[in-house]
Amino acid sequence: MLKINNLHAEVDGKPILKGVDLTINAGEIHAIMGPNGAGKSTLSYVLAGRPGYEVTEGSATLDGEDLLALEPHERAAAGLFLGFQYPVEIPGVSNLQFLRTALNAQRKSRGEAELSGGEFLKVARAQADGLGLNMDMLKRPVNVGFSGGEKKRNEMVQMGIIDPKLAILDETDSGLDIDALRVIGEGINRIMRTPEKGVLLITHYQRLLDYVQPHFVHVLAAGRIVRSGGPELALELEREGYGAIAA
Ligand code: ADP
Ligand code: MG
Ligand code: MG
């Protein structure tokens with residue numbers, strides 16, 4: 001599904017990614033762990049097409065399509081979803097407006113019929129219920145005045161409505177209390193743990209992986225994947241720290 005080959009990228013002329021190789025097949029959940037400043041967020045931004053992140057070498061394809069040649073909205077239409085460490089607030093635009101516009105734009109680009117207001121509300125209500133987010137929250141401006149936990153739940157509601165093929169979730173667990181972590185973890189499993197989908201979970205901590213069991217765990221250090229293994233690698237990192245592995 002996702003194939004990253006020898007990916008190099010720089011920000012402001014500073015090399016950050018220095019040859020990342022990663023393959024995610026349909027049905028697989030991968031976790032990337034690693035110390036602060038390793039390039040984890042940079043990798044997610046490069047894949048999503050954030051301006052200012054320049055690829056200098058290598059490739060990334062989604063189902064064989066050259067991801068790096070697409071505009072950010074085309075990447076989303078191709079099935080890529082990026083969850084942010086710090087979800088943005090959008091004053092003046094309600095969650096429901098925002099999500100209906102996003103969903104219908106994607107459906108249109110895939111040649112599918114747009115959803116009517118009623119049809120969309122049904123989809124939105126099902127996802128909000130699943131994440132324990134009150135529908136009244138979805139009528140409010142995007143993330144404005146939301147607590148950290150509510151923003152993350154809202155992001156999972158977005159993911160459920162958009163129903164992406166591949167989700168890259170950057171520190172979705174940061175700032176969550178234990179109950180919120182469980183709800184978010186269950187949401188990820190419910191929406192994304194299917195034979196057709198793939199997930200890249202970026203996290204500092206093993207905690208989230210108790211709820212979302214990954215098939216593979218990778219360590220990113222200084223812009224490269226320096227080690228890969230199964231779920232036991234996350235436990236080893238939690239015990240021994242990055243120092244021994246990333247040195
Ligand atoms: P991680 O998510 O693993 O903590 P990041 O990808 O955020 O790491 O950052 C990797 C490196 O790139 C850091 O040294 C950081 O300072 C640098 N970096 C990231 N974004 C920018 C930017 N917009 N301008 C300058 N340096 C950046
Ligand atoms: Mg960081
Ligand atoms: Mg980061």
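Just for the stretch 55-84: of the residues that are surrounded by fewer than 16 Cβ atoms within 10 Å (Cβ to Cβ) and either modelled with pLDDT under 90 or of a type in the set (Gly, Ala, Ser) (or both), which one is nearest to residue 156 (Cα to Cα)?
73
Restricting the search to the stretch 189-209, which residues are within 15 Å of ligand 2 (Cβ to nearest atom) and open to solvent by 10 Å² or more (accessible area, probe 1.4 Å)?
204, 205
Regarding residue 166, is this residue of a type outside the set (Ser, Thr, Tyr) and free of Cβ contacts under 8 Å to residues at least 40 places away in the same chain?
When the stated conditions are applied, residue 166 does not pass them.
Give all pairs with beta carbons closer than 7 Å in which a residue from the stretch 109-121 that is more than 17 Å from residue 76 (Cα to Cα) meets a residue that is part of a helix (DSSP H, G or I) and open to solvent by 80 Å² or more (accessible area, probe 1.4 Å); count only pairs at least 6 apart in sequence or on separate chains.
As it stands, the answer is 120/100, since those pairs meet every condition given.
Look at residue 43 and say whether it is outside any strand (DSSP E or B) and over 20 Å from the mean Cα position of the chain (by Cα).
Judged against the criteria, residue 43 is not a match.
Please determine whether any residue of the stretch 26-40 is open to solvent by 40 Å² or more (accessible area, probe 1.4 Å), part of a loop (DSSP other than H, G, I, E, B), closer than 25 Å to residue 146 by Cα and out of contact with any Pro (no Cβ under 9 Å at 6 or more places or on another chain).
The answer is no; no qualifying residue exists.
One residue is enough: does the stretch 229-245 have a residue meeting the conditions among the basic types (Lys, Arg), over 21 Å from residue 90 (Cα atoms) and either in a loop (DSSP other than H, G, I, E, B) or in contact with a helix residue (DSSP H, G or I) (Cβ under 8 Å, 6 or more places away or on another chain) (or both)?
The answer is no, given that none of the residues of the stretch 229-245 is among the basic types (Lys, Arg), over 21 Å from residue 90 (Cα atoms) and either in a loop (DSSP other than H, G, I, E, B) or in contact with a helix residue (DSSP H, G or I) (Cβ under 8 Å, 6 or more places away or on another chain) (or both).
Got a sec? Which of 186, 119, 89 is at pLDDT 90 or above, loosely packed, with under 14 Cβ neighbours inside 10 Å, under 30 Å from residue 34 (Cα atoms) and not small (Gly, Ala, Ser)?
89
Which residues, counting only those in the stretch 1-58, are basic (Lys, Arg) and more than 13 Å from ligand 3 (Cβ to nearest atom)?
3, 14, 18
Quick check on this structure: which one of 226, 217, 142 is more than 16 Å from ligand 3 (Cβ to nearest atom), within 28 Å of residue 9 (Cα to Cα) and open to solvent by less than 10 Å² (accessible area, probe 1.4 Å)?
Just one listed residue meets the conditions, 217.
Filter the stretch 16-43 down to residues that are on the phi < 0 side of the Ramachandran plot and more than 9 Å from ligand 1 (Cβ to nearest atom), then give me how many there are.
Counting residues in the stretch 16-43 that are on the phi < 0 side of the Ramachandran plot and more than 9 Å from ligand 1 (Cβ to nearest atom) gives 13.
Can you tell me which residue is nearest to ligand 2 (Cβ to nearest atom) among those in the stretch 13-70 that are basic (Lys, Arg) and in contact (Cβ under 8 Å) with a residue 12 or more places away in the chain?
40
Name every residue in the stretch 43-54 that is over 15 Å from residue 69 (Cβ atoms), buried (at least 18 other Cβ atoms within 10 Å of the Cβ) and of a type outside the set (Ser, Thr, Tyr), in order of residue number.
43
The values are calculated or read from the model by the stated rules, or taken from the named source; none is laboratory data. Keep in mind that what you see is a predicted model, and the values were worked out from it rather than measured. Methodologically, a virtual Cβ is constructed for each residue, glycine included, from the backbone with ideal geometry; neighbour enumeration extends over all protein chains shown. We work out accessible area using only protein heavy atoms, side chains counted, and drop any ligands, DNA or RNA first. Shrake-Rupley method; radii C 1.70, N 1.55, O 1.52, S 1.80 Å.
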